[in-house]
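Below: the structure, in C-alpha coordinates.
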Amino acid sequence: MFRLIQLYASDDHALVDVDTDGYASELAAWAEFYATPISFFGVGRFDAEGRLVDITVDPVCTAAGKSGLCRGATAVVDTDEYHPLCGDCGAWHDAISLRELAKRLGVPVHPARRAAPAHPQNGGDPTRSLSHRIARELATNVADAAWRRHVCRELTMIPRAVNGLFIGVGALSNRQVLDLFPALQQLAGELPAGIHADLRRAAGKPRSPAGLAALRLGLGASCH
Ligand SMILES: [Zn+2]
(Lines give C-alpha, C1' and ligand atoms only; values in the text may rest on other atoms or scores of the structure.)
Protein backbone atom coordinates (compact mmCIF):
# COMPACT_ATOMS: atom_id res chain seq x y z
CA MET A 1 0.00 0.00 0.00
CA PHE A 2 1.29 3.44 -0.95
CA ARG A 3 0.18 6.82 0.38
CA LEU A 4 1.17 10.41 -0.25
CA ILE A 5 3.28 11.88 2.55
CA GLN A 6 3.47 15.39 3.88
CA LEU A 7 6.25 16.57 6.21
CA TYR A 8 6.01 19.46 8.63
CA ALA A 9 8.81 21.09 10.58
CA SER A 10 8.47 21.11 14.37
CA ASP A 11 11.55 22.48 16.12
CA ASP A 12 14.31 20.17 14.94
CA HIS A 13 11.92 17.34 14.12
CA ALA A 14 9.95 16.41 11.05
CA LEU A 15 6.32 15.47 11.57
CA VAL A 16 4.93 12.95 9.10
CA ASP A 17 1.37 13.46 7.89
CA VAL A 18 -0.25 10.79 5.75
CA ASP A 19 -2.95 11.35 3.13
CA THR A 20 -5.99 9.10 3.65
CA ASP A 21 -6.14 7.81 0.06
CA GLY A 22 -4.20 4.59 -0.49
CA TYR A 23 -2.78 3.28 -3.79
CA ALA A 24 -2.05 -0.31 -4.73
CA SER A 25 1.03 0.58 -6.76
CA GLU A 26 3.83 3.09 -6.39
CA LEU A 27 3.16 4.22 -9.96
CA ALA A 28 -0.47 5.07 -9.14
CA ALA A 29 0.67 7.04 -6.08
CA TRP A 30 3.14 9.02 -8.20
CA ALA A 31 0.47 9.73 -10.79
CA GLU A 32 -1.65 11.29 -8.02
CA PHE A 33 1.42 13.06 -6.61
CA TYR A 34 1.89 14.94 -9.88
CA ALA A 35 -1.83 15.40 -10.56
CA THR A 36 -2.87 16.96 -7.24
CA PRO A 37 -2.48 20.72 -6.84
CA ILE A 38 -1.36 20.22 -3.22
CA SER A 39 2.38 19.73 -3.00
CA PHE A 40 3.29 16.58 -1.11
CA PHE A 41 6.72 15.58 0.11
CA GLY A 42 6.81 12.11 -1.39
CA VAL A 43 5.29 8.65 -1.50
CA GLY A 44 5.27 6.41 1.56
CA ARG A 45 5.18 2.63 1.38
CA PHE A 46 3.24 0.89 4.17
CA ASP A 47 3.35 -2.77 5.24
CA ALA A 48 0.35 -4.99 5.93
CA GLU A 49 0.12 -3.64 9.51
CA GLY A 50 -0.01 -0.09 8.21
CA ARG A 51 3.52 0.80 9.34
CA LEU A 52 5.56 3.20 7.21
CA VAL A 53 8.39 1.20 5.59
CA ASP A 54 10.13 3.83 3.47
CA ILE A 55 9.60 7.09 1.62
CA THR A 56 10.50 7.95 -1.94
CA VAL A 57 10.85 11.58 -3.04
CA ASP A 58 10.75 13.31 -6.40
CA PRO A 59 14.15 12.59 -8.00
CA VAL A 60 14.10 15.97 -9.73
CA CYS A 61 14.70 19.29 -7.97
CA THR A 62 11.70 21.55 -8.52
CA ALA A 63 13.18 24.75 -7.11
CA ALA A 64 12.38 27.71 -9.34
CA GLY A 65 15.41 28.65 -11.40
CA LYS A 66 15.96 31.67 -13.62
CA SER A 67 14.78 29.66 -16.64
CA GLY A 68 12.01 27.47 -15.20
CA LEU A 69 12.33 24.58 -12.79
CA CYS A 70 15.84 23.51 -11.83
CA ARG A 71 15.57 19.79 -12.78
CA GLY A 72 18.79 18.89 -10.93
CA ALA A 73 19.03 15.55 -9.09
CA THR A 74 17.48 15.57 -5.60
CA ALA A 75 20.15 15.28 -2.92
CA VAL A 76 18.95 17.21 0.16
CA VAL A 77 15.82 18.64 1.80
CA ASP A 78 15.47 22.07 3.36
CA THR A 79 14.42 21.91 7.00
CA ASP A 80 11.97 24.83 6.91
CA GLU A 81 9.42 23.36 4.54
CA TYR A 82 10.95 20.02 3.56
CA HIS A 83 11.24 20.57 -0.17
CA PRO A 84 13.51 18.04 -1.87
CA LEU A 85 16.31 20.00 -3.57
CA CYS A 86 19.49 19.39 -5.54
CA GLY A 87 22.80 20.22 -3.86
CA ASP A 88 23.13 23.58 -5.64
CA CYS A 89 19.67 24.84 -4.68
CA GLY A 90 20.05 23.36 -1.20
CA ALA A 91 23.09 25.55 -0.60
CA TRP A 92 20.73 28.52 -0.14
CA HIS A 93 18.85 26.79 2.69
CA ASP A 94 19.31 25.12 6.02
CA ALA A 95 19.33 21.73 4.35
CA ILE A 96 20.07 18.16 5.39
CA SER A 97 20.90 15.13 3.29
CA LEU A 98 18.29 12.47 2.56
CA ARG A 99 20.33 10.14 4.78
CA GLU A 100 20.17 12.63 7.65
CA LEU A 101 16.42 13.00 7.15
CA ALA A 102 16.05 9.21 7.16
CA LYS A 103 17.80 9.15 10.54
CA ARG A 104 15.37 11.75 11.90
CA LEU A 105 12.34 9.89 10.60
CA GLY A 106 13.54 6.40 11.38
CA VAL A 107 12.73 5.14 7.87
CA PRO A 108 14.79 5.13 4.66
CA VAL A 109 14.26 8.08 2.30
CA HIS A 110 15.41 7.82 -1.30
CA PRO A 111 14.74 9.42 -4.68
CA ALA A 112 12.16 7.60 -6.80
CA ARG A 113 13.64 5.52 -9.58
CA ARG A 114 13.02 7.24 -12.88
CA ALA A 115 14.97 7.64 -16.05
CA ALA A 116 17.65 10.16 -15.10
CA PRO A 117 17.76 13.24 -17.30
CA ALA A 118 20.71 13.22 -19.65
CA HIS A 119 23.55 15.14 -18.06
CA PRO A 120 26.32 16.61 -20.13
CA GLN A 121 29.86 15.49 -19.34
CA ASN A 122 31.40 17.24 -16.37
CA GLY A 123 33.90 19.17 -18.46
CA GLY A 124 31.24 20.22 -20.96
CA ASP A 125 28.96 21.84 -18.36
CA PRO A 126 29.89 25.54 -18.10
CA THR A 127 28.14 25.92 -14.72
CA ARG A 128 30.14 23.05 -13.20
CA SER A 129 33.46 24.11 -14.63
CA LEU A 130 33.10 27.74 -13.54
CA SER A 131 31.85 26.65 -10.13
CA HIS A 132 34.84 24.30 -9.67
CA ARG A 133 37.24 27.00 -10.83
CA ILE A 134 35.95 29.59 -8.36
CA ALA A 135 36.04 27.08 -5.50
CA ARG A 136 39.59 26.02 -6.36
CA GLU A 137 41.08 29.46 -6.99
CA LEU A 138 39.30 31.66 -4.46
CA ALA A 139 41.75 31.47 -1.55
CA THR A 140 44.82 32.26 -3.66
CA ASN A 141 43.26 34.76 -6.06
CA VAL A 142 40.54 36.73 -4.30
CA ALA A 143 42.97 39.56 -3.51
CA ASP A 144 43.69 39.91 -7.24
CA ALA A 145 41.39 42.60 -8.73
CA ALA A 146 41.68 41.16 -12.25
CA TRP A 147 40.60 37.70 -11.03
CA ARG A 148 37.62 39.18 -9.19
CA ARG A 149 36.58 41.16 -12.24
CA HIS A 150 36.81 38.09 -14.45
CA VAL A 151 34.85 35.89 -12.01
CA CYS A 152 32.10 38.50 -11.58
CA ARG A 153 31.77 38.89 -15.34
CA GLU A 154 31.43 35.10 -15.71
CA LEU A 155 28.92 34.94 -12.84
CA THR A 156 26.76 37.51 -14.62
CA MET A 157 26.40 35.01 -17.44
CA ILE A 158 26.27 31.83 -15.31
CA PRO A 159 24.76 32.84 -11.95
CA ARG A 160 24.24 29.22 -10.85
CA ALA A 161 28.03 28.80 -10.59
CA VAL A 162 27.80 30.92 -7.43
CA ASN A 163 27.81 27.57 -5.62
CA GLY A 164 31.58 27.49 -6.23
CA LEU A 165 31.82 30.76 -4.30
CA PHE A 166 30.05 29.15 -1.31
CA ILE A 167 32.44 26.21 -1.43
CA GLY A 168 35.56 28.37 -1.81
CA VAL A 169 34.56 30.84 0.91
CA GLY A 170 33.32 28.05 3.19
CA ALA A 171 36.64 26.23 2.91
CA LEU A 172 38.66 29.21 4.17
CA SER A 173 40.07 28.89 7.67
CA ASN A 174 39.08 31.56 10.21
CA ARG A 175 42.63 32.90 9.91
CA GLN A 176 42.30 33.20 6.12
CA VAL A 177 38.95 34.96 6.51
CA LEU A 178 40.62 37.55 8.75
CA ASP A 179 43.59 38.03 6.39
CA LEU A 180 41.46 38.15 3.26
CA PHE A 181 38.49 40.07 4.67
CA PRO A 182 39.19 43.33 2.78
CA ALA A 183 39.40 41.38 -0.49
CA LEU A 184 36.28 39.34 0.38
CA GLN A 185 34.37 42.57 1.01
CA GLN A 186 35.63 43.95 -2.29
CA LEU A 187 34.40 40.82 -4.05
CA ALA A 188 31.00 41.13 -2.36
CA GLY A 189 30.68 44.69 -3.66
CA GLU A 190 31.58 43.60 -7.20
CA LEU A 191 29.22 40.61 -7.47
CA PRO A 192 26.31 40.79 -9.94
CA ALA A 193 23.39 42.64 -8.34
CA GLY A 194 21.08 39.59 -8.29
CA ILE A 195 23.63 37.39 -6.51
CA HIS A 196 24.47 40.23 -4.11
CA ALA A 197 20.78 40.61 -3.17
CA ASP A 198 20.29 36.84 -2.79
CA LEU A 199 23.38 36.60 -0.56
CA ARG A 200 22.23 39.48 1.62
CA ARG A 201 18.96 37.59 2.19
CA ALA A 202 20.86 34.34 2.78
CA ALA A 203 22.86 35.99 5.59
CA GLY A 204 19.80 35.36 7.76
CA LYS A 205 20.45 31.60 7.44
CA PRO A 206 24.00 31.32 8.77
CA ARG A 207 23.82 27.52 8.87
CA SER A 208 23.38 27.31 5.09
CA PRO A 209 26.49 27.43 2.86
CA ALA A 210 25.11 30.60 1.21
CA GLY A 211 24.51 32.22 4.60
CA LEU A 212 27.99 31.37 5.86
CA ALA A 213 29.53 32.76 2.66
CA ALA A 214 27.43 35.93 2.99
CA LEU A 215 28.68 36.54 6.53
CA ARG A 216 32.30 35.89 5.52
CA LEU A 217 31.87 38.32 2.60
CA GLY A 218 30.75 40.99 5.07
CA LEU A 219 27.10 40.90 3.97
CA GLY A 220 25.68 40.29 7.46
CA ALA A 221 22.68 42.29 8.67
CA SER A 222 24.81 44.85 10.52
CA CYS A 223 26.82 45.85 7.42
CA HIS A 224 24.78 48.10 5.14
ZN1 LIG B 1 18.01 22.54 -7.89
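The values are calculated or read from the model by the stated rules, or taken from the named source; none is laboratory data. Computed from a predicted model, the values in this text were never measured in an experiment. As a convention, Cβ positions derive from the backbone with ideal geometry for all residues, glycine included, and neighbour counts pool all protein chains shown. Heads up: the accessible areas ignore ligands, DNA and RNA and are worked out on the full protein's heavy atoms, side chains in. Shrake-Rupley method; radii C 1.70, N 1.55, O 1.52, S 1.80 Å.
Here's a check for you: in the range 83-99, which residue that is farther than 18 Å from L212 by Cβ and modelled with pLDDT of 90 or more is nearest to the ligand (Cβ to nearest atom)? For the range 83-99, the residue satisfying everything is C86. The residues of the range 170-182 that are modelled with pLDDT of 95 or more and buried (at least 18 other Cβ atoms within 10 Å of the Cβ) amount to a single one, L180.
For R71, indicate whether it is of a type in the set (D, E, K, R) and farther than 30 Å from H132 by Cα. Spelling it out, it is not the case that R71 is of a type in the set (D, E, K, R) and farther than 30 Å from H132 by Cα.
Among the residues making up the range 29-50, those that are of a type in the set (A, V, I, L, M, F, W, C) and surrounded by 14 or more Cβ atoms within 10 Å (Cβ to Cβ) are A29, W30, F33, F40, F41, V43, F46. For C152, the requirement of being open to solvent by less than 70 Å² (accessible area, probe 1.4 Å), within 16 Å of the ligand (Cβ to nearest atom) and in a helix (DSSP H, G or I) is not met. Among the residues of this structure, V109 counts as one that is surrounded by 15 or more Cβ atoms within 10 Å (Cβ to Cβ) and away from the ligand (no atom under 16 Å from the Cβ). Do the conditions hold for G65, that is, is it open to solvent by 30 Å² or more (accessible area, probe 1.4 Å), closer than 18 Å to D198 by Cα, at pLDDT 85 or above and within 12 Å of the ligand (Cβ to nearest atom)? For G65, the condition - open to solvent by 30 Å² or more (accessible area, probe 1.4 Å), closer than 18 Å to D198 by Cα, at pLDDT 85 or above and within 12 Å of the ligand (Cβ to nearest atom) - is not met.
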